[in-house]
Amino acid sequence: MSDTGLTNPIPAPIYKSLQRGAHAERRGTPTGVIRPNRRSKVTAVNTEGLEGSTNRLLATLPVVDIERLGTALTTVSLETGLVLNEPGDEPERIYFPHTGMISLLAVMADGKAVETATVGREGVVGAMAGLGVHVTLTRAVVQVPMVASRIAAAPFRRAVQASDALRDMIVSYNGVLLGQVQITAACNALHPLQKRLARWILQTRDRIDTDLVPLTQELLSEMLGVRRSSVSEIAKKLQIAGLIRYSRGSIEIVKRAALEAAACECYSLVSGKSRRPRL
Ligand SMILES: [Zn+2]
């Protein structure tokens, strides 16, 4: 999604401070992605003076509700590959991304997994825990390094119990996420790989605001639920057509409009560019 509509951007000096924390994490991280790893690092970053948020949900909350979350809401830098929740977990923490991206994966008994939704600064991971005991159905894994506001489930639940706005936020975003999951299910079943790959590249690009997207073939094959060789073949086609430039560990978007034309309709739906209801 684009970042238009932000009403309360993070102050520039604070943002730079957060970015430095994220960059420090990246320096120690191989460009190759992605093996889910609970040992990946979480680093606290400076939030002193944080007066706003690039996370849309936090940015639109009344000040009184931000105060309710209070000092329990801390900001952390999260490494690629970090697993935030596995299926069956009761989330211990809730994450509001400011930058980067989290994938939600449906995991089968044989270990195979496929992405069912992504969460960036427009969303939150684990928020249903605020409504009571909640068990996750998906694996949540950091796919693009990120800075996020994090809060433990217990204080979040206390804040939610005292706030209609927080309850409404959780219910409303859960509906948005359900819509995304439904579209992704249809996309995985009905749309050809080339169109799905184009959608995924664009969707990820919109979350990180740069045309140089850190996506490996390994990651793409895992997210799209196909063989790596299939991803390689399709990426080559897109490169030969001049739409992208592929190198080890990243994809550069060369012709944005042409890539949008090559993507399936699901990109327009999830990015709000379609006339159909936005997801
Ligand atoms: Zn599709």
In nm, the gap between the two label points placed 7 Å beyond Cα toward Cβ at Ala241 and His134 is 3.8 nm
Contour minus Cα-Cα span, Lys255 to Leu178, at 0.36 nm per residue, comes to 24.6 nm
On the formula 1/(1 + (r/R0)^6), with r taken between the Cβ atoms of Ala152 and Ala109 and R0 of 30 Å, the FRET efficiency rounded to 0.05 is 0.45
Per the 1/(1 + (r/R0)^6) rule, R0 = 30 Å and r from the Cβ atoms of Thr210 and Thr60, FRET efficiency to 0.05 is 0.75
Treating every alpha carbon of the range 51-149 as one equal point scatterer without solvent, the Debye formula yields log10 I(q)/I(0) values at q = 0.12 Å⁻¹ of -0.39
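The numbers here are math on the coordinates, done by the rules we state, and not lab data. The shown structure was predicted, so the numbers you read here are calculated from the model rather than taken from an experiment. A quick note on method: Cβ atoms are made from the backbone with ideal geometry, for glycine too, and the neighbour counts reach across all protein chains shown.
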